[in-house]
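The values are calculated or read from the model by the stated rules, or taken from the named source; none is laboratory data. Just so it is clear, the structure is predicted and the values come from calculations on it, not from any experiment. Every residue, glycine among them, receives a Cβ derived from its backbone with ideal geometry; neighbour counts consider all protein chains shown. Just so you know, the surface numbers come from the protein's heavy atoms only, side chains and all, with ligands and any DNA or RNA stripped out. Shrake-Rupley method; radii C 1.70, N 1.55, O 1.52, S 1.80 Å.
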Amino acid sequence: MLALIALSLIASYWNNWPVDLSALYFAAHFYEIGAFDLVYAPGGEIFWDHAPAEWQALAAANGRPDALVPAFVYPPIWAKLLAPVTQHIGFVAFSNILLVLFVLSLVASITLSCAIGQLLVTEHSGSMPSLTVWCLISGFAIGFTSVGALSLQLLQPQIFVTFLLIFTLMLLLKGHNAWAGGVLALAAAIKLMPAMLVILLIMEKRWVTLATFALVGAMLGLGSILIVGWPLHVALLERISSLEAEILVTRLSIGVELVLHHLHQLLNGTATWQIDQPSMIDQPAWNVHLTRLFLVSGVVGIWRATRGTSTGRRLWTRFIGLYLLVVISSPLAWLHYLLLPTLLLPGILSLSRSRGVRAILIFLAAIMSFPVFMWLLDFSWAGYVQVYLHFGVAVVVMALLSSLAHQSTP
């Protein structure tokens with residue numbers, strides 16, 4: 001079943017032009033030729049409205065002069081490590097190789113998710129769907145939801161980060177605390193957001209994991225500086241620091257910052273429901289403070305809801321809940337970050353056999369299906385509708401997890 005899923009996904013996206021992955025390849029190319037000023041967006045911004053002429057020329061050289069090419073926003077070490085590759089293969093061939101690796105990561109994530117479900121069942125002497133049913137649910141989540149389909153269309157590195165984070169959860173459940181800290185540090189070296197999961201380590205009093213995360217993270221960071229040099233790290237930090245003063249406006253956002261911004265516009269009678277192209281707008285101070293309050297309140301709420309719960313159920317619930325909370329509270333709250341909870345959510349069936357819970361999961365799967373996403377794209381007025389939809393799904397999942405925290409498995 002897993003092999004069939006993998007082959008069908010590879011066949012569906014072979015020779016694609018994955019937009020997000022192109023940023024990594026292009027940045028690596030310019031690093032290789034010594035054009036370090038072209039690795040990140042010029043002018044200190046984290047995104048650009050139009051790619052620089054050199055980036056457009058590289059897209060044309062790879063057969064896609066009209067391609068949308070986003071800016072590079074990852075740690076510079078990855079541009080350095082992949083730089084030699086760009087001199088030997090073109091972008092499409094590069095993306096095909098990464099497609100295979102990412103699909104294998106998804107297969108591994110499904111396998112780990114199922115193993116985690118089995119651990120939860122063992123702890124509560126319950127039951128769970130068969131491996132075949134689990135694979136079918138996961139296959140649908142990857143291939144037919146907006147979260148899975150867009151992640152693969154874009155070949156988002158978040159796919160591999162999701163595997164690392166699910167692996168981290170598995171290691172924590174198994175009690176391999178030091179290894180869990182190392183894997184989490186590697187995930188944070190690819191995308192910075194996983195570093196916020198130190199909140200979970202503190203909440204769970206996993207001091208060995210926290211110490212290992214800090215040690216491995218420091219080693220990776222120092223190694224990156226020694227290999228790449230300090231200037232490109234400064235360039236990345238400058239762009240990240242600017243995010244607190246801006247709000248990401250896009251249909252693919254699941255962030256509370258954008259929701260608060262639009263609600264404020266609705267109250268003032270200045271709201272529009274249309275979102276044309278992704279953009280960054282200035283963020284008022286009140287929005288920053290409310291977002292932080294939302295994050296802190298959410299952390300306290302998750303802690304209170306999961307106190308006194310058995311170890312496996314508590315850790316699984318806190319991991320997904322805090323992950324979602326951190327994601328929707330972050331400045332770059334993209335839809336593809338929901339890939340992790342999407343792959344872990346079948347575990348709910350190991351904790352509850354309630355028909356109501358099943359009905360909620362089916363409803364969420366329906367409204368997050370890729371056909372619904374594409375249908376809404378046809379309507380200009382549905383821009384913020386999709387934002388509220390994605391944000392609402394994340395909030396509903398957090399509420400569902402909290403409500404199940406203390407329920408016994410039937």
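Determine the equivalent ellipsoid of region 308-410 by diagonalising the alpha-carbon gyration tensor, then write out the semi-axes as square roots of 5 times the eigenvalues, largest first, rounded to whole Å. Could you put the intermediate results ahead of the total?
Details: eigenvalues 144, 53, 19 Å².
Each semi-axis is the square root of five times an eigenvalue, giving 27, 16, 10 Å.
Rounded to the nearest 20 debye, what is the charge dipole size of region 300-410 about its Cα centre when +1 sits on each Lys and Arg Cβ and -1 on each Asp and Glu Cβ?
Numbers: 8 positive and 1 negative charges, 123 e Å.
Around 600 debye, computed over region 300-410.
What percentages, rounded to whole numbers, describe P(r) for the chain computed over all alpha carbon pairs with 20 Å bin width beginning at zero?
Calculated P(r), rounded to whole percents: 26, 61, 14, 0.
Ordered by residue, what ³J(HN,Hα) values in Hz, to whole numbers, does region 283-300 give under the Karplus form 6.51 cos²θ - 1.76 cosθ + 1.60, where θ = phi - 60° and Gly and Pro are x?
10, x, 4, 4, 5, 4, 5, 5, 5, 5, 5, 4, 5, 5, 4, x, 4, 5
From the alpha carbon gyration tensor of region 177-277, can you work out the equivalent ellipsoid semi-axes (sqrt of 5 times each eigenvalue) and give them in Å, largest to smallest? Working shown, then result.
Numbers: eigenvalues 246, 78, 20 Å².
In descending order the semi-axes read 35, 20, 10 Å.
Pairing the Cα long axis of helix 19-32 with the longest principal axis of the chain, what angle in degrees results, from 0 to 90 and rounded to the nearest 10?
On a 0 to 90 degree scale, this one is about 50.
Read phi for every residue in region 200-213 and hand back ³J(HN,Hα) as whole Hz from Karplus 6.51 cos²θ - 1.76 cosθ + 1.60, θ = phi - 60°, with x for Gly and Pro.
With coefficients 6.51, -1.76 and 1.60, one gets 5, 5, 5, 4, 8, 6, 8, 5, 5, 4, 5, 5, 5, 4 Hz.
Hey, what did region 22-173 get for relative contact order, percent, Cα under 8 Å, at least 6 apart? Please report the intermediate quantities before stating the final value.
Details: 123 pairs, mean separation 35.9, N = 152.
The normalised contact order for region 22-173 reaches 24 percent.
If packing is taken as the mean number of other Cβ atoms within 10 Å per residue, what is the order of 4-15, 131-142, 164-175, highest first?
Details: 4-15: 14.3, 131-142: 18.9, 164-175: 21.0.
In descending order of packing, they fall as 164-175, 131-142, 4-15.
With the convex hull built on the Cα atoms of region 1-143, state its orientation-averaged projected area in nm². Intermediate values should be presented prior to the final figure.
Working: hull surface 43.4 nm².
Average projection, Cα convex hull of region 1-143: 10.8 nm².
If you build a Gaussian network model of the chain, linking Cα atoms that sit under 10 Å apart, which residue out of Phe294, Phe91, Phe160 swings the most?
Phe294
Mind putting a number on the dipole of region 25-175 about its Cα centre? Charges go on the C-beta only, +1 for Lys and Arg and -1 for Asp and Glu, and I need it in Debye to the nearest 20.
Working: 3 positive and 7 negative charges, 94 e Å.
Roughly 440 debye, rounded to the nearest 20.
Counting only Cα atoms, I'd like the Rg/Rh figure for region 1-42, Kirkwood definition for Rh.
Values: Rg = 15.7 Å, Rh = 12.4 Å.
Reported Rg/Rh (Cα atoms, Kirkwood Rh): 1.26.
Going by the alpha-carbon gyration tensor, a ≥ b ≥ c the square roots of its eigenvalues, is region 53-112 rounded (a/c under 1.5) or, if a/c is not under 1.5, prolate (a/b greater than b/c) versus oblate?
The shape class here is prolate.
Using the Karplus equation 6.51 cos²θ - 1.76 cosθ + 1.60 (θ = phi - 60°), what ³J(HN,Hα) coupling, rounded to whole Hz, does each residue of region 89-106 give in order, writing x for Gly and Pro?
Result, rounded to whole Hz: 9, x, 5, 5, 5, 4, 5, 5, 5, 5, 4, 4, 5, 5, 5, 4, 5, 5.
What do the square roots of 5 times the Cα gyration tensor eigenvalues come to for region 354-400, in whole Å, largest first, as semi-axes of the equivalent ellipsoid? Let's see the in-between values first.
Details: eigenvalues 103, 31, 6 Å².
For region 354-400, the semi-axes come out at 23, 13, 6 Å.
What does the extension gain come out to for Trp381 and Ala108, with contour length at 0.36 nm per residue minus their alpha carbon separation?
Contour length minus Cα-Cα distance gives 94.4 nm.
With a 1.4 Å probe and every protein chain left in place, tell me how much accessible area Glu32 has, in Å² to the nearest 10.
Its heavy atoms expose roughly 80 Å² to the probe.
Could you work out how far helix 2-13 tilts from the main Cα principal axis of the chain, as a 0 to 90 degree angle to the nearest 10?
Computed tilt is about 30 degrees.
For region 70-181, what ratio Rg/Rh do Cα atoms give with a Kirkwood hydrodynamic radius?
Using Cα coordinates only, the ratio equals 1.05.
Using the per-residue mean of other Cβ atoms lying within 10 Å as a proxy for protection, in what order, highest first, do the peptides 148-154, 234-240 fall?
Values: 148-154: 22.1, 234-240: 14.7.
Most protected by this proxy first, the peptides run 148-154, 234-240.
What number, in percent, do you get for the relative contact order of the chain if the mean sequence gap of Cα pairs under 8 Å and at least 6 apart is divided by its residue count?
On the way: 546 pairs, mean separation 84.2, N = 410.
Answer for the chain is 21 percent.
Helix 131-144 versus the longest principal axis of the chain: what angle, 0 to 90°, nearest 10, using Cα atoms?
40 degrees
List the lysines whose Cα lies under 23 Å from the Cα of Lys80, skipping any in the same chain that are fewer than 8 positions away.
Answer for Lys80, where 23 Å is the Cα cut-off: Lys191, listed by chain and number.
Could you state the principal axis extents of the C-alpha atoms in region 248-319, from the largest down, to the nearest angstrom?
Principal axes ranked by extent give 48, 23, 18 Å for the Cα atoms.
Sorted by mean Cβ packing within 10 Å, highest first, what order do the peptides 253-266, 378-391 take? Before the final figure, lay out the partial values.
Working: 253-266: 20.5, 378-391: 17.4.
Ranking the peptides 253-266, 378-391 by packing returns 253-266, 378-391.
Among the aspartates and glutamates, select those whose C-alpha is under 18 Å from the C-alpha of Lys174, and discard any that sit fewer than 8 residues away in the same chain.
Glu123, Glu204
Quickly estimate the mean residue ellipticity at 222 nm for the chain, helices only: each DSSP H run with n ≥ 4 gives -39500 (n - 2.57), and the total goes over all residues, rounded to 500. It would help to have the intermediate numbers written out before the result.
On the way: 20 runs with 277 residues, N = 410.
Roughly -21500 deg cm²/dmol at 222 nm, from the helical runs in the chain.
With only Lys, Arg, Asp and Glu charged, each at its Cβ (+1 for the first two, -1 for the last two), find how big the charge dipole of the chain is about the Cα centre; round to the nearest 20 debye.
Numbers: 17 positive and 16 negative charges, 360 e Å.
Dipole about the Cα centre, nearest 20: 1720 debye.
Could you tell me the relative contact order of region 145-239? Use alpha-carbon pairs under 8 Å, at least six residues apart, and round to a whole percent. Intermediate values should be presented prior to the final figure.
Numbers: 75 pairs, mean separation 22.5, N = 95.
Relative contact order, region 145-239: 24 percent.
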